[in-house]
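Only one structure is covered here, and it is reproduced in the block below.
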Amino acid sequence: MNRKFVILVILLIVNTFPYMSYSQEIGNDTVVLSAWEPTTSLYFELGGKGWYSLNVDFRKKVTTACSIGIQYSEGFWPSIMAYRFFGNKYRIETGGGISGMFALDGIIGAGIHGVFGYRYQKKDGLIFRAGFMPFLIIPFVGENKPKLLPWAGISFGYSF
């Protein structure tokens with residue numbers, strides 16, 4: 001594995017998170033754009049970050065969210081993702097994230113995830129997601145080379 005490649009990928013992922021922490025201020029007053037409240041969602045995903053995963057999604061702003069998840073495929077794969085939304089109730093969703101691949105022997109690789117899709121989400125209600133979710137697998141053991149999988153996924157869950 002090329003060390004420069006891994007560092008570049010980590011830097012790209014880290015740079016997807018800053019848009020989640022900005023706020024708009026005028027003087028000492030924060031501008032309130034809507035009466036929207038933060039939302040937490042629990043959802044099950046088929047495809048996407050692996051064959052299947054269980055995820056918790058935290059929306060602290062109207063147009064951004066982050067999620068943590070866990071999937072099982074030849075070991076446990078914890079993941080973290082960041083999302084950006086466009087639209088109101090019916091949204092276009094973009095984002096990316098990273099996961100570690102752990103087996104009984106230790107860490108066996110990493111995965112880099114992308115997402116471009118559709119999201120329907122209500123406060124205290126259904127969450128539905130579907131989209132194109134490319135997945136780059138970076139093995140750390142053996143002679144395997146990184147693989148890019150053009151993946152798709154669908155998710156169902158509940159927001160509260």
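A short reminder: the numbers here are calculations on the coordinates, not readings from a lab. In this text, all values refer to a predicted model and were calculated from it rather than measured experimentally. Glycine also receives a Cβ, built like all others from the backbone with ideal geometry; neighbour counts cover every protein chain displayed.
Of note:
- Condition broken by I80, with the remaining ones in (1) in contact (Cβ under 8 Å) with a residue 24 or more places away in the chain; (2) touching a strand residue (DSSP E or B) at 6+ places or on another chain (Cβ under 6 Å) satisfied: (1)
- Flag for I108 being surrounded by 13 or more Cβ atoms within 10 Å (Cβ to Cβ), closer than 29 Å to S41 by Cβ and of a type outside the set (F, W, Y): no
- Some residue of segment 126-137 being among the charged types (D, E, K, R) and more than 17 Å from S53 (Cα to Cα): no
- Where E74 falls short, out of the listed (1) outside any loop (DSSP other than H, G, I, E, B); (2) exposed (fewer than 15 other Cβ atoms within 10 Å of the Cβ); (3) free of Cβ contacts under 8 Å to residues at least 40 places away in the same chain: (1)
- Scope segment 81-105; condition part of a strand (DSSP E or B) and of a type in the set (K, R); matching residues: R84, R91
- The strands (runs of 3 or more DSSP E) found wholly in segment 106-160 and carrying at least 2 residues that are closer than 30 Å to K89 by Cβ occupy 106-121, 126-132, 152-159.
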